[in-house]
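Some notes on the structure that comes next.
The values are calculated or read from the model by the stated rules, or taken from the named source; none is laboratory data. Keep in mind that this is a model prediction, so the values were computed, not measured. Please note: Cβ atoms are built from the backbone with ideal geometry, for glycine as well, and neighbour counts cover all protein chains shown.
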Amino acid sequence: MSAHRDVLLKGGRLVDPSSKLDGIGDLLVRDGKIESVGGTIAAPADATVIDCTGQVVAPGFIDVHCHLREPGREDVETIATGARAAAAGGFTAVCAMPNTDPVTDNQAAVGFVLKQGKAAAAARVYPIGAISIGERGERLAEFGEMVGAGAIAVSDDGKPVVSAQLMRTALEYARTFGIPVADHCEDPTLAEGGAMNEGLVSARLGLKGIPSEAEEIMAIRDILLARRTGGHVHLCHMSTRGSVELIRWGKDRNIRVTAEVCPHHLSLTETEVEGYDTHAKMNPPLRTADDVDALQQAVKDGTIDVIATDHAPHHYDEKEREFADAPNGIVGFETALAVNITWLVKPGIISLATLIDKMSCAPAKLFHLPGGTLRRGGAADVTVFDPVREWTVEPTRFFTKGRNTPYTGRTLTGLVACVLVDGRIVHTVKG
């Protein structure tokens with residue numbers, strides 16, 4: 001890899017909630033670290049100087065929930081294409097879920113993901129190990145060996161941990177390694193065969209619905225088990241008003257529960273499924289306007305800690321099936337910032353600083369990752385974006401292999417301009 005060059009970001013709006021920074025100034029990056037922040041900084045000899053006037057300079061975004069499909073489905077996404085797409089979306093680090101083929105449930109598999117991530121030389125890639133061997137929900141994987149190899153959390157995402165006893169043991173075991181247990185909250189007996197949110201729309205379309213209780217029953221179970229064990233449970237992709245109320249209940253009692261929400265659950269409702277559009281099919285499903293409102297308010301008041309993409313690429317042919325038979329999931333890296341600005345910041349629901357906290361500072365803190373700050377000496381993972389630039393979503397221009405997005409053709413606000421990882425420019429937009 002080439003030697004680091006100094007990079008000077010000139011005249012941007014520096015926004016870093018971790019150090020309560022919000023003002024116009026310069027930022028100098030040297031040897032993969034943040035060298036100095038704020039005020040006017042003279043350009044060192046041979047430095048790359050980038051004019052950031054009118055743009056926001058923020059700690060690089062960190063996505064704690066994505067699917068990179070490698071190993072096993074390299075036709076859909078590879079770690080390299082995923083890491084590149086993440087960088088294009090402003091993410092300087094992503095956490096890869098273990099539901100690959102084979103499952104990331106041992107130290108060799110964790111090592112493979114790390115190796116491929118380093119070779120990609122784009123966004124950093126952190127592996128999440130499986131809770132159970134093969135994600136079968138029967139026996140715990142070897143957490144210690146996976147953490148030793150570089151896993152930063154455990155999850156059986158894509159599948160719920162059905163056994164309360166296994167989940168309890170996982171929380172106890174993970175606590176000894178200081179890592180979170182991320183759970184996909186879904187009662188399979190209530191959700192079985194469901195294709196969308198259960199309600200009037202599903203009844204009208206003749207599709208079997210998934211009730212909100214399928215998520216909420218598992219959410220409260222996990223919160224209670226976290227209370228019992230003292231472990232850190234992280235609830236993935238929350239989608240209902242009831243879940244928000246349960247998380248708030250847990251936090252009020254100082255239980256170690258954190259939660260994430262995805263941009264699509266903050267912006268779209270079940271009505272997107274009208275016309276049987278499979279790009280609106282995901283798990284958990286898109287819910288009601290009431291749920292969207294509750295999730296937005298939960299981001300505002302801190303009940304929801306993190307915004308994560310749940311980036312889930314699929315092959316075109318797979319999504320071109322009958323709605324009930326199509327796979328769940330959408331791509332999320334390259335639309336996340338703009339969706340969040342368009343639906344949360346622009347209408348004044350949250351501030352830009354709050355958004356940056358949810359996409360960068362909080363994920364770094366909760367998952368014990370480098371980055372998430374513009375403090376001097378911190379890792380030089382930096383995202384520069386234009387908060388008012390409008391653009392139209394054209395999936396053919398994505399860096400991800402996936403094209404499965406419900407935002408095609410929509411005009412969104414907020415465009416990533418430049419991304420630095422470890423002090424190196426890994427993405428830039430001309431003009």
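Only one of G12, G60, G25, G72 is over 20 Å from H311 (Cβ atoms) and touching a residue at least 24 places away in the same chain (Cβ under 8 Å). Can you tell me which? Don't jump to the end; show me each part of the working.
Details: G60 fails: over 20 Å from H311 (Cβ atoms); G25 fails: touching a residue at least 24 places away in the same chain (Cβ under 8 Å); G72 fails: over 20 Å from H311 (Cβ atoms).
The unique qualifying residue is G12.
Among the residues of the stretch 355-403, which ones are assigned to a helix (DSSP H, G or I) and surrounded by fewer than 19 Cβ atoms within 10 Å (Cβ to Cβ)? Don't jump to the end; show me each part of the working.
Pass one, the stretch 355-403, residues assigned to a helix (DSSP H, G or I): 355-366, 395-397.
Scanning the stretch 355-403 gives K365, P395, T396, R397.
Among the listed residues A364, A326, identify the single one that is of a type in the set (G, A, S) and in contact with a Gly (Cβ under 9 Å, 6 or more places away or on another chain). Steps first, please.
On the way: A326 fails: in contact with a Gly (Cβ under 9 Å, 6 or more places away or on another chain).
It is A364.
One line per residue, one yes/no per condition, for (1) at negative phi; (2) surrounded by fewer than 22 Cβ atoms within 10 Å (Cβ to Cβ); (3) in contact with a His (Cβ under 9 Å, 6 or more places away or on another chain):
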| position | (1), (2), (3) |
| --- | --- |
| Q116 | yes, yes, no |
| R136 | yes, yes, no |
| E145 | yes, yes, no |
| V161 | yes, no, yes |
| G193 | no, yes, no |
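Among the residues of the stretch 1-51, what is the count of those that are out of contact with any Leu (no Cβ under 9 Å at 6 or more places or on another chain) and either hydroxyl-bearing (S, T, Y) or not in a helix (DSSP H, G or I) (or both)?
15
Which condition from (1) closer than 29 Å to V419 by Cβ; (2) modelled with pLDDT of 95 or more is the one that A164 breaks?
Unmet for A164, out of (1) closer than 29 Å to V419 by Cβ; (2) modelled with pLDDT of 95 or more: (1).
Looking at (1) hydroxyl-bearing (S, T, Y); (2) crowded, with 22+ Cβ neighbours inside 10 Å; (3) without any contact (Cβ under 8 Å) to a residue 12 or more places away in the chain, which is the one condition that is false for S155?
Single failed check for S155: (3).
Output the residues belonging to the stretch 158-169 that are hydrophobic (A, V, I, L, M, F, W, C) and in contact (Cβ under 8 Å) with a residue 60 or more places away in the chain. Please lay out each step first, then the result.
Our first condition is that a residue be hydrophobic (A, V, I, L, M, F, W, C); within the stretch 158-169, this holds for 161-162, 164, 166-167.
Of everything in the stretch 158-169, just one residue is hydrophobic (A, V, I, L, M, F, W, C) and in contact (Cβ under 8 Å) with a residue 60 or more places away in the chain, namely A164.
Please pick out the residue among D105, D75 that is under 27 Å from the mean Cα position of the chain (by Cα), acidic (D, E), farther than 22 Å from P370 by Cβ and surrounded by 21 or more Cβ atoms within 10 Å (Cβ to Cβ). Spell out the reasoning first.
Details: D75 fails: surrounded by 21 or more Cβ atoms within 10 Å (Cβ to Cβ).
When all the criteria are applied, what remains is D105.
Given (1) in contact (Cβ under 8 Å) with a residue 40 or more places away in the chain; (2) surrounded by fewer than 19 Cβ atoms within 10 Å (Cβ to Cβ), where does R253 come up short, assuming only one miss?
Answer for R253: the failing condition is (1).
Being of a type outside the set (G, A, S) and without any contact (Cβ under 8 Å) to a residue 24 or more places away in the chain is true for just one of R424, R410, R389, R403. Which residue is that?
Details: R424 fails: without any contact (Cβ under 8 Å) to a residue 24 or more places away in the chain; R389 fails: without any contact (Cβ under 8 Å) to a residue 24 or more places away in the chain; R403 fails: without any contact (Cβ under 8 Å) to a residue 24 or more places away in the chain.
Only one candidate qualifies: R410.
Looking at the structure I just gave you, is V57 more than 30 Å from A109 (Cα to Cα) and under 26 Å from the mean Cα position of the chain (by Cα)?
Working: more than 30 Å from A109 (Cα to Cα): yes; under 26 Å from the mean Cα position of the chain (by Cα): yes.
The answer is yes for V57.
Confirm whether E77 is farther than 21 Å from V416 by Cα, touching a Leu at 6+ places or on another chain (Cβ under 7 Å) and outside the structural domain of R424 (by TED's automatic domain parsing). Break it down into steps so the answer makes sense when it comes.
Details: farther than 21 Å from V416 by Cα: yes; touching a Leu at 6+ places or on another chain (Cβ under 7 Å): yes; outside the structural domain of R424 (by TED's automatic domain parsing): yes.
Taking the combined requirement at face value, the residue satisfies it.
Within the stretch 380-429, which residues are small (G, A, S), more than 14 Å from Q55 (Cβ to Cβ) and touching a strand residue (DSSP E or B) at 6+ places or on another chain (Cβ under 7 Å)?
Of all residues in the stretch 380-429, those small (G, A, S) come to 380, 402, 409, 414, 417, 423.
Checking the rest, the ones that are also more than 14 Å from Q55 (Cβ to Cβ) come to 380, 402, 409, 423.
Answer for the stretch 380-429, where residues must be small (G, A, S), more than 14 Å from Q55 (Cβ to Cβ) and touching a strand residue (DSSP E or B) at 6+ places or on another chain (Cβ under 7 Å): A380, G409, G423.
Which condition number in (1) part of a loop (DSSP other than H, G, I, E, B); (2) at pLDDT 95 or above; (3) surrounded by fewer than 24 Cβ atoms within 10 Å (Cβ to Cβ); (4) not β-branched (V, I, T) is the one that A122 fails?
All conditions are met except number (3).
Mind checking which helices (runs of 4 or more DSSP H) fall wholly inside the stretch 249-344 and carry at least 3 residues that are within 22 Å of P17 (Cβ to Cβ)? I'd like the intermediate steps shown before the answer.
Numbers: elements: 289-301, 316-319, 336-340.
Where helices (runs of 4 or more DSSP H) fall fully within the stretch 249-344 and carry at least 3 residues being within 22 Å of P17 (Cβ to Cβ), they are 289-301, 336-340.
Could you go through the stretch 92-112 and let me know if any residue there is in a loop (DSSP other than H, G, I, E, B) and at positive phi. Outline the logic, then answer.
Keep residues of the stretch 92-112 that are in a loop (DSSP other than H, G, I, E, B), which gives 97-106.
Still in the running and at positive phi: none.
Within the stretch 92-112, none of the residues are in a loop (DSSP other than H, G, I, E, B) and at positive phi.
Kindly evaluate A214 against the criterion of being under 21 Å from the mean Cα position of the chain (by Cα), modelled with pLDDT of 95 or more and not in a loop (DSSP other than H, G, I, E, B). If you could, list the steps in order and put the result at the bottom.
Values: under 21 Å from the mean Cα position of the chain (by Cα): no; modelled with pLDDT of 95 or more: yes; not in a loop (DSSP other than H, G, I, E, B): yes.
No, not satisfied.
Taking the stretch 407-429 only, how many residues are farther than 19 Å from L369 by Cα and either part of a strand (DSSP E or B) or in contact with a Lys or Arg (Cβ under 9 Å, 6 or more places away or on another chain) (or both)?
Here is the first cut: in the stretch 407-429, the residues farther than 19 Å from L369 by Cα are 407-418, 425-429.
Restricting the remaining residues to those that are either part of a strand (DSSP E or B) or in contact with a Lys or Arg (Cβ under 9 Å, 6 or more places away or on another chain) (or both) gives 411-418, 425-428.
The total comes to 12.
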